[in-house]
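A.B. asks: First the structure, which I've put down as structure tokens, then a few questions once you've had a look.
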Amino acid sequence: MINRDWKQRQAYAFCDALTSAQWAWEFLRRNPDYQREWQAFWNTWKELEAAYGKPPNRDFCAWKNDPRAWLPASECADGECRIDADKVLIECALGARWGFHKFPPDPRDDDPVGEGRLNWRPRKEQSLPVVETGMEPPGVEQMGLVFDLSLPLKPQLEQARRQLQMEAGLRRRQGDLQPRRVKTLKAHWTMLLRALDARATGEEEQAVELFGAEALTEAVGLTKKGYLELLGIPP
């Protein structure tokens, strides 16, 4: 599906300029499940076009009444493009399933951004973890603070902000903390893409030997749900 020579680092020179949104796409498009689901969707889409035409001559009234063109809204709570409030068009259902607004991009598309086809949904705000008694101590990239909920929160939040900034700076100076930025992670992510492409061509053993089993495991995780986490990483 992805036609690149994974053994050649220069084949991935394009990675140097990718944004976080594009990095997320590079991992998702290498997910075999996404590839299969997109192909099944596309086959249905072409059948519908053969039956009802393409824009501007599409008979959309007949299209939307064809059971192949929609899913029950109960199967796609986040899907847009609803028909009669209880049906979601298949392009929106598939897009929502993988984190997009509306039409999902073709996994063979090297640059869906250029044509505006890479339209990620905004990430839902995640609640900060609550530290419970007996929990494992946080890692070097984390820090726990205790707030007194019986007192006003505003001054405590301001104090917490100052403490967090000071501690983050100290850990960076000590070399314990590496900021998560696209520019600092792109070399590592490029390696992970190469590992995935090696696996896709049946050369998984060579990839493990060159990059390590942990790298391949991490890469596979990013093709599943992990790619969505990349959207929140700053440049």
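The values are calculated or read from the model by the stated rules, or taken from the named source; none is laboratory data. All figures in this text were calculated on a predicted structure; none of them were measured in a lab. Here the Cβ positions follow ideal geometry from the backbone for every residue, glycine too, while neighbour counts run over all protein chains shown.
A.B. asks: Can you tell me which of PRO234, PRO179 is in contact (Cβ under 8 Å) with a residue 24 or more places away in the chain and out of contact with any Phe, Trp or Tyr (no Cβ under 8 Å at 6 or more places or on another chain)? Steps first, please.
C.D. replies: Values: PRO179 fails: in contact (Cβ under 8 Å) with a residue 24 or more places away in the chain.
The match here is PRO234.
A.B. asks: Exactly one condition in (1) out of contact with any Pro (no Cβ under 7 Å at 6 or more places or on another chain); (2) surrounded by 10 or more Cβ atoms within 10 Å (Cβ to Cβ); (3) free of Cβ contacts under 8 Å to residues at least 40 places away in the same chain; (4) within 16 Å of GLU26 (Cβ to Cβ) is false for GLU204; which is it?
C.D. replies: (4)
A.B. asks: Within region 211-223, work out how many residues are surrounded by fewer than 16 Cβ atoms within 10 Å (Cβ to Cβ) and not β-branched (Val, Ile, Thr). It would help to see each step written out before you state the result.
C.D. replies: Of all residues in region 211-223, those surrounded by fewer than 16 Cβ atoms within 10 Å (Cβ to Cβ) come to 212-214, 217, 221.
Okay, now just the ones that are also not β-branched (Val, Ile, Thr), so 212-214, 221.
Within region 211-223, residues that are surrounded by fewer than 16 Cβ atoms within 10 Å (Cβ to Cβ) and not β-branched (Val, Ile, Thr) number 4.
A.B. asks: Next up: Going through GLN165, GLN159 one at a time, which residue ends up being among the polar types (S, T, N, Q) and surrounded by fewer than 11 Cβ atoms within 10 Å (Cβ to Cβ)? Working first, answer last.
C.D. replies: Working: GLN159 fails: surrounded by fewer than 11 Cβ atoms within 10 Å (Cβ to Cβ).
Going through GLN165, GLN159 in turn, just one is among the polar types (S, T, N, Q) and surrounded by fewer than 11 Cβ atoms within 10 Å (Cβ to Cβ): GLN165.
A.B. asks: What residue, among those in region 44-58 that are loosely packed, with under 13 Cβ neighbours inside 10 Å and among the basic types (Lys, Arg), is nearest to the chain's Cα centre (by Cα)? Talk me through it step by step, then tell me what you get.
C.D. replies: Pass one, region 44-58, residues loosely packed, with under 13 Cβ neighbours inside 10 Å: 46, 50, 54-57.
Applying the additional criterion that residues be among the basic types (Lys, Arg) yields 46, 54.
Numbers: LYS46: 27, LYS54: 30 Å.
Within region 44-58, the match that is nearest to the chain's Cα centre (by Cα) is LYS46.
A.B. asks: Just to confirm my filter: which helices (runs of 4 or more DSSP H) fall fully inside region 188-235 and include at least 1 residues that are among the acidic types (Asp, Glu), at pLDDT below 95 and under 29 Å from GLU125 (Cα atoms)?
C.D. replies: Values: elements: 204-211, 213-221, 227-230.
Here the list reads 227-230.
A.B. asks: Could you give me the residue pairs with C-beta distances under 8 Å whose first residue belongs to region 21-38 and is within 12 Å of LEU231 (Cα to Cα) and at pLDDT 95 or above, whose second residue is small (Gly, Ala, Ser) and part of a helix (DSSP H, G or I) wherever it lies, and which are 6+ apart or on separate chains?
C.D. replies: Correct list of pairs: PHE27/ALA219; PHE27/GLY226.
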